[in-house]
1. Check GLY59 against each of (1) in contact with a strand residue (DSSP E or B) (Cβ under 6 Å, 6 or more places away or on another chain); (2) in a loop (DSSP other than H, G, I, E, B) and name the one condition it does not meet.
2. Select, from ALA87, ALA69, ALA96, the only residue that is touching a helix residue (DSSP H, G or I) at 6+ places or on another chain (Cβ under 9 Å), farther than 16 Å from PHE131 by Cα and surrounded by fewer than 22 Cβ atoms within 10 Å (Cβ to Cβ).
3. So which pairs qualify, if the first residue must be in segment 228-253 and more than 21 Å from ALA152 (Cβ to Cβ) and assigned to a loop (DSSP other than H, G, I, E, B), the second must be of a type in the set (A, V, I, L, M) and modelled with pLDDT of 95 or more, the Cβ gap must be under 8 Å, and the two must be at least 6 apart or on different chains?
4. When segment 3-26 is examined, which residues are found to be under 21 Å from the mean Cα position of the chain (by Cα) and either free of Cβ contacts under 8 Å to residues at least 12 places away in the same chain or assigned to a loop (DSSP other than H, G, I, E, B) (or both)?
5. Could you check ASP35 against (1) surrounded by 14 or more Cβ atoms within 10 Å (Cβ to Cβ); (2) in contact with an Asp or Glu (Cβ under 9 Å, 6 or more places away or on another chain); (3) closer than 22 Å to PHE154 by Cβ and say which number it fails?
6. Only residues that are small (Gly, Ala, Ser) and in contact with a Phe, Trp or Tyr (Cβ under 6 Å, 6 or more places away or on another chain): list them for segment 226-250, please.
Amino acid sequence: MHCDDLIAIDFHTHAEVSCCQGHDHFGDEFDRAADKYFGSDRRPTIAETVAYYRERKIGLVMFTVDAEAQIGRRRIPNEEIAEAARANSDMMIAFASIDPHKGVMGAREARRLIEEYGVRGFKFHPTVQGFLPYDRFAWPLYEVIAEYGLPAIFHTGHSGIGSGMRAGGGLRVANSNPMLLEDVAIDFPDMQIVMAHPSWPWQDEALSLCLHKPNVWIDLSGWSPRYFPPQLVQYANTLLRERILFGSDFPLITPDRWLADFEKAGFKPEVAPLILKQNAMRLLGLGAK
């Protein structure tokens, strides 16, 4: 990634449409509910997303969410995202998503994706994937991630996926309480854990865990900064200034909107460069000190 040419690095963008396999309509009701919740129905292809970010000179970390066991929908191939990142290595990095229920087979896939496709991290969504972060069947996958010293993003807090559906689509918000990551942070101290989103209704728990465990970070995706809890802004400006990351949750929230609202959200001028790019560079090993 050519960081000097970028104004920011978005640590949280989603691959929505595959160009190498047809759309799996199973579970479309989750998409409709999410569209209503976020007020967005954008479904760009990977290539369209890359072009959007290139035009804005913003780097991006992209991933899908493998929820084949819980939702039953075929995932977008991790390989497709990795190949797009390889073709756009000046401004894009690929993370992979593997359903933890795949156990040792998932761990084998993770190793292959790292060694053969250059994947640089992993994404988990405990609510949508239907697991608790400390479930031992996820340990083989974590072990591979830790072995290669790669970061792992975990969704935390409320989930727009399932919101408003009958019984919430059967998805459990409680799976995404950030404190459930504590055992993972203790047992895998060399794995950098990124808690995605303001973790409502557990914002204070997320801040406490991040303060206590030096291998825990927070990305600010999924919300407009104008709605950030005041304590999140306070700690981002002070004690946690070096472990807070810019993320949009594109396409559900655009970086255009996020960055415009960020300027008015009370972040200190000297902290903004850390959040927008420098912290991500350090976490990804891109040369920032």
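The values are calculated or read from the model by the stated rules, or taken from the named source; none is laboratory data. Every value quoted in this text rests on a predicted model; they were computed, and no experiment measured them. Cβ atoms come from the backbone with ideal geometry, glycine included; neighbour counts cover every protein chain shown.
1. GLY59 satisfies all of (1) in contact with a strand residue (DSSP E or B) (Cβ under 6 Å, 6 or more places away or on another chain); (2) in a loop (DSSP other than H, G, I, E, B) except (2).
2. ALA87
3. Within 8 Å, the pairs are PHE228/LEU220; PHE228/ALA265; LEU239/LEU211; ARG241/VAL271; ARG241/LEU274; ARG241/ILE275.
4. Of segment 3-26, the ones under 21 Å from the mean Cα position of the chain (by Cα) are 3, 6-18.
Once the filter is applied, which keeps residues that are under 21 Å from the mean Cα position of the chain (by Cα) and either free of Cβ contacts under 8 Å to residues at least 12 places away in the same chain or assigned to a loop (DSSP other than H, G, I, E, B) (or both), segment 3-26 yields LEU6, ILE7, ALA15, GLU16, SER18.
5. It is condition (3) that ASP35 fails.
6. Within segment 226-250, the subset small (Gly, Ala, Ser) is 236, 247-248.
Matches in segment 226-250: GLY247, SER248.
The rows are residues; the columns are (1) assigned to a loop (DSSP other than H, G, I, E, B); (2) farther than 27 Å from VAL233 by Cα; (3) touching a helix residue (DSSP H, G or I) at 6+ places or on another chain (Cβ under 8 Å).
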site: GLY169; (1), (2), (3): no, yes, yes
site: MET191; (1), (2), (3): yes, no, yes
site: VAL194; (1), (2), (3): no, no, yes
site: PRO198; (1), (2), (3): yes, no, yes
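Yes or no, residue by residue, for (1) among the hydrophobic types (A, V, I, L, M, F, W, C); (2) touching a helix residue (DSSP H, G or I) at 6+ places or on another chain (Cβ under 9 Å); (3) in a loop (DSSP other than H, G, I, E, B):
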residue	(1), (2), (3)
ALA47	yes, yes, no
VAL50	yes, yes, no
ARG54	no, no, no
GLU79	no, yes, no
ARG112	no, no, no
